Amino acid sequence: MTNWRAVIVGFLVTTVLGLFGLVLPGIGQLAAGLIGGFVAGYMAGGGFGRGFWHGLLAGSLGGIVAGVLIALVVGLAGWTLGPIGGAVSGAAGLGILAVAVVVSLVMALESAIAGAVGGVLNPDRSDRRRSGPGTY
């Protein structure tokens, strides 16, 4: 079962670090994806496969959300240029969205690998709830 809390925290870590990573284009986003995937995998725990899955979800969610936002901004900016500008920016927005989906797949793979490492480092954690003070 997917631990959505781990996925969302990993996504947020990736997003925040990615914004700071704009200072070092490419390297900053790579590091953000690795750290966010690791956090998602570690929080989910349960071993290699579970960490891989949660890192994959966190990374792909980040890439898709960023791509959709960029495509919307480009599309909306075209409306200010009239009908011709709207058509041109609409096509550009679709192209940007397609590139963003490809980038999100790459980002998801790097996050998944880091998530697998995080899951291996925290093998005992799962969706089990606390049964008493200090116990799992």
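Observations on the model:
Conditions tested, residue by residue: (1) at pLDDT 85 or above; (2) under 12 Å from the mean Cα position of the chain (by Cα).
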| position | (1), (2) |
| --- | --- |
| ALA32 | yes, yes |
| VAL74 | no, no |
| GLY119 | yes, no |
| ASN122 | yes, no |
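- Some residue of segment 17-27 being in contact (Cβ under 8 Å) with a residue 60 or more places away in the chain and closer than 26 Å to ALA98 by Cβ: no
- Residue in segment 77-92 that is surrounded by fewer than 18 Cβ atoms within 10 Å (Cβ to Cβ), under 30 Å from VAL9 (Cβ atoms) and out of contact with any Ser or Thr (no Cβ under 6 Å at 6 or more places or on another chain) present: no
- Unique residue being of a type in the set (A, V, I, L, M, F, W, C), at negative phi and in contact (Cβ under 8 Å) with a residue 40 or more places away in the chain when the list is VAL103, VAL99, VAL74: VAL103
- For segment 17-25, the condition of being at negative phi, at pLDDT below 85 and outside any helix (DSSP H, G or I) holds for at least one residue.
- Failed criterion for MET43 (all others in (1) surrounded by 21 or more Cβ atoms within 10 Å (Cβ to Cβ); (2) more than 21 Å from PRO123 (Cα to Cα) hold): (2)
The values are calculated or read from the model by the stated rules, or taken from the named source; none is laboratory data. All values reported here derive from a predicted model rather than from experimental measurement. Ideal geometry is used to build each Cβ from the backbone, glycine not excepted, and the neighbour counts take in all protein chains shown.
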